[in-house]
Structures are given as structure tokens and as C-alpha cells.
Amino acid sequence: MAVLKPDFELHHFSDITSDWLKQHNISTIFSDLDSTLAVHDQPGEQEVNEWIQSLSHHGAQLVVVSNNSDERVDKFCDPFGIPGFGDCKKPSPSIIKQHMKEMKVEPESSLFLGDQLLTDVWCGKRLKMKTALVKPIGREHEPIQIVWKRKLEYWIKKGW
Ligand SMILES: [Mg+2]
């Protein structure tokens with residue numbers, strides 16, 4: 001399943017620095033929310049706050065794209081003043097494609113960041129962006145359907 005192989009495998013969102021973004025010519029990050037930027041259904045912690053500040057300081061844009069509800073996304077994004085969209089229906093690219101069009105953002109200068117191959121990486125590939133997979137944050141809080149999906153992802157990765 002090499003088609004699902006991300007361009008980058010990182011430990012944590014904070015591995016993405018302004019230098020790293022410059023090096024890879026990326027100005028916009030489309031990021032998953034739950035288990036990527038925060039524990040499932042929990043608010044962002046100080047670390048994500050500092051990371052978001054440093055991105056905006058260096059002119060990079062962060063856009064949250066989640067399959068969770070708009071309410072969850074707004075609750076997370078509003079304190080940071082960053083744009084975010086819920087109910088994105090990943091891995092389908094169509095809703096995010098529409099947001100990209102409205103925001104006038106090109107896939108060539110974008111990165112898709114997430115913790116799930118079958119949701120985030122696949123979606124980013126379909127949007128023709130670079131993709132980065134991170135290790136999930138706070139796995140003990142994840143819903144059961146995500147736990148099963150991770151087992152499937154484990155077998156996909158074994159085939160690389
Ligand atoms: Mg996630």
C-alpha cells in the first residue's frame with residue numbers, strides 16, 4: 001500500500017519548525033485535530049499554543065480540518081484565533097478542496113498533517129499535497145473505531 005505512504009513521518013507536531021517549512025516550501029498546514037494537535041475532545045495545551053504562535057510569527061498558516069463536529073473545532077480554534085473546519089468527511093477531498101479554493105491556497109505549498117493513514121494521509125494525497133504522519137497524542141482516550149483502524153494501519157505499514 002505504498003500509495004498511502006506519507007512524505008514525512010514525524011513524532012510530534014512540534015517537529016515542524018519554521019526552518020523545516022521553508023526547506024520544504026510549505027506556507028500552509030492543513031492539520032487534523034484529535035490525536036494530532038490535542039488529546040481526543042480535549043482543548044489545546046500550552047505546547048500547541050506556543051507552536052501556533054511561532055508559526056504565525058514566521059508567516060505560516062495553520063488550518064484545522066477535522067471529521068469531528070464544528071462545535072469541537074470551534075472550541076479548539078477560537079482561543080488561538082485560527083481557522084478551522086469540522087465535518088470535513090476525510091478521506092474525501094471535496095470539502096477541503098472547496099475551503100482551499102475560498103482561501104486561495106495551492107496544494108504545492110501545502111502540507112497535510114495528521115495521525116491516521118486512512119483518513120489524513122490518504123486525504124492529503126488526494127488533494128495532491130505533501131503529507132506528514134505524526135504519532136497519536138493520548139491514545140488511551142480514543143474511540144474504539146479509531147483503535148480498530150490503527151490495527152489495520154499497522155498491517156499496511158508492514159507492507160512498505
Ligand atoms: Mg486524528
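Please treat every number below as a calculation from the coordinates, not as lab data. A quick note: this is a predicted structure, and the numbers were derived from the prediction, not measured. Glycine also receives a Cβ, built like all others from the backbone with ideal geometry; neighbour counts cover every protein chain displayed.
Annotations for the structure displayed:
- The trypsin sites (Lys or Arg not before Pro) found in the stretch 32-100 that occupy coil by DSSP, while having at most 16 further C-beta atoms within 10 Å, are Lys89.
- Note: relative contact order over the chain, using C-alpha pairs below 8 Å and six or more positions apart, is 32 percent.
- Based on the Stokes-Einstein relation at 10 °C and a viscosity of 1.306 mPa s, and on the Kirkwood radius from alpha carbon pairs, the chain is assigned a translational diffusion coefficient of 102 µm²/s.
- Remark: the stretch 149-160, residue by residue, has Karplus-estimated 3J(HN,Hα) of 5, 5, 5, 5, 4, 4, 6, 5, 4, 4, x, 6 Hz, where x stands for each Gly or Pro and the curve is 6.51 cos²θ - 1.76 cosθ + 1.60 at θ = phi - 60°.
- Between the stretch 84-151 and the stretch 1-60, the Cα center-to-center distance that results, in Å: 12 Å
- Along the stretch 99-106 the Karplus relation, 6.51 cos²θ - 1.76 cosθ + 1.60 evaluated at θ = phi - 60°, assigns HN-Hα couplings of 5, 4, 4, 5, 8, 6, 10, 9 Hz to successive residues, with x for each Gly and Pro.
- For the stretch 1-69: rounded, prolate or oblate by the Cα gyration tensor [a/c cutoff 1.5]: oblate
- Cα-Cα pairs of the stretch 89-160 separated by more than 21 Å (percent): 31 percent
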